[in-house]
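Only the coordinates and a few stated rules stand behind these numbers; no lab work does. Just so it is clear, the structure is predicted and the values come from calculations on it, not from any experiment. Neighbour counts are summed over all protein chains in view; Cβ atoms, including those assigned to glycine, are modelled from backbone coordinates with ideal geometry.
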Amino acid sequence: YKDVAGCTMYDDECKTTKRKFGFIPETLLSEKVTQMMEWASKRSVIRMNGDKFRRFVKAPPRNYSMVIMFTALQPQRQCGVCRQADEEFQVLANSWRYSSAFTNKVFFASVDFDEGSDVFQMLNMNSAPTFLHFPSKGKPRRSDTYELQVRGFAAEQLARWVADRTDVQIRVIRPPNYAGPLLLGFLLAVIGGLAYLRRHNLEFLFNKNVWAFSALCFVLIMTSGQMWNHIRGPPYAHKNPSTGQVSYIHGSSQAQFVAETHIVLLFNAAVTMGMVLLCEAATSDMDIGKRKIMCVAGIGLVMLFFSWLLSIFRAKYHGYPYSFLMS
Amino acid sequence: MAEHHAASDGKHKASANAGGSVHGNSRPGAAGGGGGGGGGKGGLSGGLTQPAGWQSLLSFSILFLACLAGFSSRLFAVIRFESIIHEFDPWFNYRSTHHLTTNGFFEFLNWFDERAWYPLGRIVGGTVYPGLMVTAGLIHYVLNLLHITVHIRDVCVFLAPVFSGLTAISTFLLTRELWNQGAGLLAACFIAIVPGYISRSVAGSFDNEGIAIFALQFTYYLWVKSVKTGSVFWTIGCCLSYFYMVSAWGGYVFIINLIPLHVFVLLLMQRYSRRVYIAYSTFYIVGLILSMQIPFVGFQPIRTSEHMAAAGVFALLQAYAFLQYLKDRLTRQEFQTLFFLGVSLAAGVVFLTVIYLTYTGIYAKIHIPIIASVSEHQPTTWVSFFFDLHILVCTFPAGLWFCIKNINDERVFVALYAISAVYFAGVMVRLMLTLTPVVCMLSAVAFSSVFEHYMGDDTKREKPPAEDSSDEDDKRNSGNLYDKAGKVRKHVSEQEKAEEGLGPNVKSIVTMLMLMLLMMFAVHCTWVTSNAYSSPSVVLASYNHDGTRNILDDFREAYYWLRQNTDEHARVMSWWDYGYQIAGMANRTTLVDNNTWNNSHIALVGKAMSSNESAAYQIMRSLDVDYVLIIFGGVIGYSGDDINKFLWMVRIAEGEHPKDIRESDYFTPQGEFRVDKAGSPTLLNCLMYKMSYYRFGEMQLDFRTPPGFDRTRNAEIGNKDIKFKHLEEAFTSEHWLVRIYKVKNLDNREPLDHKLRSVVPKQKYTSKKVAGHILFCCFNQK
């Protein structure tokens, strides 16, 4: 049997068990490990409710570490962060489950609020998601709570934390994302197919309008900060939770919403179109009335959308003194 | 002083506006000039005997005013403060230039700088782009030869503004080649004052980019010229300009990729001609050989992946030319078999190369810089685009549209330039610099086309302007692809009709509004330059409520203290940001500096800063540190100080020493970074904290706040009782911005007390007991 080594002075349950049995029964431990291994072979993240948690995590004879995510995944809870964190946690657990170094030293489990709310009460926890590590020996300490606010929930960060706490190195292997290459392949196939269908009439490849239009699209996409969106992933717009007001423009000049960049793209395009219209009005051979309308529309577009853009810029860049038509 | 400042401000605005509006008024004349010598009876020059002479005088004076506006709007910092080198990197450039002028060119190439990266040192001659230093040194030499005795510092300070004038001229030349003279003048005015370029070229910002943009534009001008003429003369000029660019800035890679791309796209568009063949073959060979003469570049052009595109296009062009040659010699049937053979051979070679490159890992390297830049450098928000380019960012797509609609060889080039530069600027905010010139050119094209149609008088011109076609020697291409001359003719006749139709009212309204936009652009540029880009950051200024100004000169005060009061070979430890300044101003040895090539060394300094005093002392002893210099902004509320940068030190140290330094130790349990009582004890006892707040707890800045109140972080500090064992305060500047500590030598061994000797065994016994007790406690606590 196992002696005192299994627990420290402060571990109350350990002491009570010892008081009860006088020793920690080896059979109970091996039984639990077998059970855990069986579950782990079925799914990499073991789902736990209150009873299971008490029996396999809280109750004393335990020689394995547990990494547990406390979460609220039920749709009525509306926890978007939980869902993202869950995906990352699954990636981590799968990387561990299918790695060659897989042992029964560490198990990954999750407790959903709607299945084990008593566990949440027991641990005096009121936010989800939370990651806790239950070491194989002793009670969880401060550093056994993962600092979600500081480190984020990327699987790599979680793996570093797990390595730190349990000395188990997990190489995170993400399932490859086929969406991008597939989409690209599809696009190329469509273009190739179109070219093949029209192989006797490839005139459209020499069409300047098509090329000019696509070049303009690219330029407008870049100048409106879509690359920033792509890299930083900002929200589409911000909804103020107390008033319910939706703001499309970010208040600071250092950041932007996706909606805002779409607006800017449209405004830039409108000014560009105004300039082109002005030139077309002067050079095209349509009748004079139409050309006058084109000319007025062109200058109107340039003036209106530029001053509008300027006013948005002014709202974002505090202390900017100039405005035009609109403040 | 304030009045003087306001006056100068007004002057700048006026000159900038003058540039814009004079230029606007000149539109019809300039457009006529661009049209060429055929017409010559423009309305503006009616009554003048030699209109061509007037036009060139007008263009010259506009160009001169643009250069002047560009030069003077970069002088805000000089007028407000003094002629001083700005920021960090320029200090290194200045120091190297100084070394060059005092010791000569060859000594500079062989310079081993033992004052940097102690104890490693740095081979400066082989690890810098020498173009900047040589340029400044040469100007200084010539001026001194003429007995105009100027200090090298003034040459360095005013180099960037002078070169921005040259950039305006080369932009004018390039745009004139692409569109017409009017657009060229407009582009010159834009580039002279646009903030995206001023941000890197104000007086005192003595950095590579200041001269590199001139070299970039001039190389492109000569390239376009050589593609247009197909003459070796222009191509050699292009190579020399490229050589200058390579010697000046690492951004030459942009040129060596854009020009091959241009040639490649021309081949795809079936615009191959002998001119292109001559231009590119000469450029590639001569340019390659010249670029390899720079020690820092060396054999990179034939080794690294970013130069491989140029080599590939060179091979392709030779093959294509060879096939063209065979086409003339062989029959159709023979040629077709040969063609298919050649294509399959080429495809096989390309395939094998790709496989080889993939296996050797070179292919992956291509992507690494982009990935690295994405994660390390900030991508660009639309606000930055608008801030740096204002109206130009909205209008330059229109210019691009006109260029693509009236395409020819050189407009293909500018379109590719715009598309690639806008991509890089979107990825990385620093590369806005390479986007700015092309935006200026294309916006100028857009504005110029509008003005051309709306500013002309209603009197009819007799003859359409006949622009000289770029491909006189290539009849075939000009026949079916270059229909420019015909187009222009048509276009002008339509314009005449339009002039009859649109009427003077509409036209003058459009013109007025357009001029108003340009005026707003000039005002915006002046405001941005004055407020955002004209701070030297070595000298700070604060303004009181009544508008009077305080100059905070703490940095220089501290650096001169170091220079005057410490041993010549003293080693100063600081965070890497201040390495160049310490070397440049204090002339003392530094451990790390802004040339961040050795991460482990930086991490060691970071570790010393973030450990407790005794651990830090060991590190500092091992690095022979004599003084430690830190920046502390808590007294004046300066936010760029070392406590605010501190987490970076911790992170970098953690990257190299994960066992000793942990970022999470410096946060509160709630994950906050706080310097007050609630802050983490590790933070409150680390060396950086102690050095920053030593004696600060006694200091009451204000009657409303308690003593030891940090104005930058708005908190009362948590550890007011700071005592040092191994360090002592050596110097604190007037506003406490810079604090310097001396690292003490090891203490003498304490003399043994005779009385204690007799009780040694007894003491040993008690200590053991005490130790045992402590152990037990620890165990309990666990």
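Summary table below
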{"quantity": "Residue mean of other protein chain beta carbons inside 10 Å, B:512-520", "calculated": "3"}
{"quantity": "A:Met37 versus B:Lys723: modelled label distance in nm, points set 7 Å from Cα along the beta carbon direction", "calculated": "5.9 nm"}
{"quantity": "For B:Val194, net neighbour charge (Lys/Arg +1, Asp/Glu -1) across residues whose Cβ lies under 13 Å away", "calculated": "+1"}
{"quantity": "Order of B:Asp593, B:Asp409, A:Asp167 under a 10 Å beta carbon neighbour criterion, fewest first", "calculated": "A:Asp167, B:Asp409, B:Asp593"}
{"quantity": "Alpha-carbon centroid distance for the pair the range A:248-277 / the range B:717-737, whole angstrom", "calculated": "50 Å"}
{"quantity": "Chain A, helix-only ellipticity at 222 nm - DSSP H runs n ≥ 4, -39,500 (n - 2.57), divided by all residues, nearest 500", "calculated": "-16500 deg cm²/dmol"}
{"quantity": "Percent RCO, i.e. relative contact order, over the range B:144-287, from Cα pairs under 8 Å lying at least 6 residues apart", "calculated": "23 percent"}
{"quantity": "B:Trp597, B:Trp527, B:Trp575 arranged by Cβ crowding within 10 Å, fewest neighbours leading", "calculated": "B:Trp597, B:Trp527, B:Trp575"}
{"quantity": "Cβ-defined net charge surrounding A:Leu216, 14 Å radius [Lys, Arg +1; Asp, Glu -1]", "calculated": "+2"}
{"quantity": "All-pairs Cα distance distribution in the range B:644-717, expressed in whole percent, bin size 5 Å", "calculated": "3, 15, 24, 24, 15, 10, 5, 2, 1"}
{"quantity": "Charge sum, other residues only, whose C-beta stays under 9 Å from A:Ala281's C-beta, Lys/Arg counted +1 and Asp/Glu -1", "calculated": "+2"}
{"quantity": "Residue-averaged beta-carbon neighbours from other chains (10 angstrom radius) around A:294-300", "calculated": "4"}
{"quantity": "Peptides B:104-110, B:579-585, B:290-296 ordered by average Cβ neighbours within 10 Å, highest first", "calculated": "B:579-585, B:290-296, B:104-110"}
{"quantity": "Vicinal HN-Hα couplings computed from phi for the range A:84-100 (Karplus, 6.51 cos²θ - 1.76 cosθ + 1.60; Hz; Gly/Pro x)", "calculated": "5, 4, 4, 4, 5, 5, 5, 4, 5, 5, 5, 4, 6, 4, 9, 7, 6"}
{"quantity": "Under-5 Å amide H pairs with A:Ile46, H placed in peptide plane, nonlocal only", "calculated": "A:Phe108, A:Ala109, A:Ser110"}
{"quantity": "Centre separation in Å (Cα based) which lies between the range B:597-633 and the range B:408-452", "calculated": "46 Å"}
{"quantity": "Alpha-carbon centroids, the range A:85-107 and the range A:291-327: separation in whole Å", "calculated": "55 Å"}
{"quantity": "Chain A: angle of helix A:288-316 to the longest principal axis, Cα-based, in degrees nearest 10", "calculated": "30 degrees"}
{"quantity": "Least to most buried among B:Thr589, B:Thr101 (fewest other Cβ within 10 Å first)", "calculated": "B:Thr101, B:Thr589"}
{"quantity": "Residue mean of other protein chain beta carbons inside 10 Å, B:446-452", "calculated": "4"}
